[in-house]
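Student: First the structure, which I've put down as structure tokens, then a few questions once you've had a look.
Every number in this text was worked out from the coordinates using simple rules, so none of it is lab data. Here the structure is a predicted model, which is why all the values come from computation and not from measurement. Don't worry about glycine lacking a Cβ; one is built from the backbone with ideal geometry, like all the others, and counts go over all protein chains shown.
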Amino acid sequence: MLEFAKIQGNGNDFVVIDNRDKKLSERELSDLAQKVCERRQSLGGDGLLVVEVSKTYDFKMRLFNSDGSEAEMCGNGARCIARYAQKKMLAGEQMVFETLAGAIRATVQGAYVELDMGEIHLSEGFWGENLTVEGMTFPFVYLVVGVPHCVLFVEDLHGFSRDELVFIGRTIRHDTQRFPKGTNVNFVEKTGQSALQSITYERGVEDLTLSCGTGSVASAIASAIVFDMSSPVEVHNPGGINWVSLQFNESKSQCHAYLKGKTVIVAEGRLCEEQL
């Protein structure tokens, strides 16, 4: 049997396991992610979070999407694994952990976790361009916040059906001519001077999710520049609110970002042999 925790951050839900003893190989972790993340057949989740040993930091975070692929980073996943590490006394309330996208600093304050997302290099993205899908044209911004994000600006998110958002998101996600590594797709509507709504089609999950941490950061950065928003930006995801604090350099070619939001420990238990 394998011990697990189920933790969600604004509806972005994960199965978390401790693999510091390296009992499970990379192939086994990929297979396990596909099994346990399947809803109604198992625990269900957007991904499998794995704690491993780091030679430099408190621990190493690995994330396997529900399709078995390994992602570089996930903001809500990082918040969830930080909450897990603090609860299991693998780290204190302030910690630094390793990801494929670099080291992440986190502060746990009860159910709320804030991440120091570090410096995001905006010159590496696309700005001021339009993208057309099935006759619909969207202004968009592309940037990398650990993982790639295409931020589409829309005037009325509620004017799109779920099926339409999935179709548009999937089409753009697989546009490898424009985005060679694929991309997450964020649909963003400005709702106030420092507030916006964001719905994300996630690469790897291959569907809309209730919340996306790196997507919230990407949406906030893009909106702050395009709409001259003030920080912090309140990002309303379908599953809850993420707060994104931004510090731009003078030329706005770089941005230091902080992501804060709520986490919930849903359950703890043991996976039965039939699931392994």
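Student: Connecting C-alpha atoms closer than 10 Å in a GNM of the chain, tell me which of S245, S69, S123 has the biggest fluctuation.
Tutor: S123
Student: Can I ask one more? Which one, F160, F64, F248, has the greatest fluctuation when you compute a Gaussian network model over the chain with C-alpha springs under 10 angstrom?
Tutor: Answer for the Gaussian network model of the chain: F160.
Student: Here's a follow-up. Got a sec? How would C255, C150 order by Cβ neighbour count within 10 Å, fewest to most? Can you show the working numbers first?
Tutor: Working: C255 23, C150 29.
Neighbour counts put them in this order, fewest first: C255, C150.
Student: Calculate how large, on average over all directions, the projected area of the Cα convex hull of the stretch 26-99 is; give the answer in nm² to one decimal.
Tutor: 5.0
Student: Same structure again: Give the Debye-formula value of log10 I(q)/I(0) at each listed q (0.11, 0.18 Å⁻¹), with one equal scatterer per alpha carbon of the stretch 120-260, two decimals each.
Tutor: These q points yield log10 I(q)/I(0) values of -0.34, -0.97.
Student: Assigning unit charges at the beta carbon (Lys, Arg +1; Asp, Glu -1) and nothing else, what dipole magnitude in debye, to the nearest 20, does the stretch 120-260 show about its Cα centre?
Tutor: It comes to approximately 340 debye.
Student: Follow-up question, since we're still on this one. Count charges around L271 for me, please; just the other residues with Cβ under 15 Å from its Cβ, Lys/Arg as +1, Asp/Glu as -1. Can you show the working numbers first?
Tutor: Numbers: positive: K6, K23, K35, R270; negative: E3, D18, E28, D31, E38, E268, E273, E274.
Net charge around L271: -4.
Student: How do the peptides 47-53, 75-81, 96-102 rank, highest first, by the average count of neighbouring beta carbon atoms within 10 Å per residue?
Tutor: Order by mean packing, descending: 75-81, 47-53, 96-102.
Student: Oh, and also: Which pairs, out of K60/K88; K35/K88; K23/K87; K55/K87; K60/K260; K35/K260, put more than 18 Å between their alpha-carbon atoms?
Tutor: The pairs that break the limit, which is 18 Å between Cα atoms, are K35/K88; K23/K87; K55/K87; K60/K260; K35/K260.
Student: With charges only on Cβ, +1 for K and R and -1 for D and E, what is the dipole size of the chain about its Cα centre, in debye, rounded to 20?
Tutor: In total the dipole reaches around 560 debye.
Student: Sticking with this structure for a sec: Which one is right for this structure if semi-axes √(5λ) of the Cα gyration tensor in Å is calculated from it: (1) 47, 20, 15; (2) 30, 21, 16; (3) 28, 21, 18?
Tutor: Structure-derived value, by its label: (2).
Student: If packing is taken as the average count of other Cβ atoms within 10 Å, what order do 6-16, 171-181, 34-44, 210-220 fall into, highest mean first?
Tutor: My ranking of the peptides, most packed first, is 210-220, 6-16, 34-44, 171-181.
Student: Report the charge-dipole magnitude of the stretch 81-168 in Debye, nearest 20, computed about the Cα centre from +1 at each Lys and Arg Cβ and -1 at each Asp and Glu Cβ.
Tutor: Here the size comes out at about 580 debye.
Student: Taking the beta-carbon count within 10 Å as an exposure proxy, list K260, K87 from fewest neighbours to most.
Tutor: Placing the least packed residue first, the sequence is K87, K260.
Student: Which of R162, R83, R203 moves most in a GNM of the chain, Cα contacts under 10 Å?
Tutor: Comparing R162, R83, R203 in a Gaussian network model of the chain, the most mobile one is R162.
Student: Would you calculate, for the chain, the mean residue ellipticity at 222 nm contributed by helices, counting each DSSP H stretch of 4 or more residues as -39,500 (n - 2.57) and dividing by all residues, to the nearest 500?
Tutor: Values: 4 runs with 50 residues, N = 276.
Estimated from H runs of four or more residues: -5500 deg cm²/dmol.
Student: So, one more: What FRET efficiency would be calculated for the residue pair S253, K55, taking the C-beta separation as r and a Förster radius of 25 Å, to the nearest 0.05?
Tutor: Working: r = 32 Å, r/R0 = 1.30.
That gives a FRET efficiency of 0.15.
Student: Also, I was wondering about something else. Need the full-extension length gain, T176 to H158, defined as separation in residues times 0.36 nm minus the C-alpha distance. One decimal, nm.
Tutor: 3.7 nm
Student: Within a 10 angstrom radius of the beta carbon, how do V235, V151 rank from fewest other beta carbons to most?
Tutor: Working: V235 30, V151 27.
Ordered from fewest to most neighbouring Cβ atoms within 10 Å, V235, V151 come out as V151, V235.
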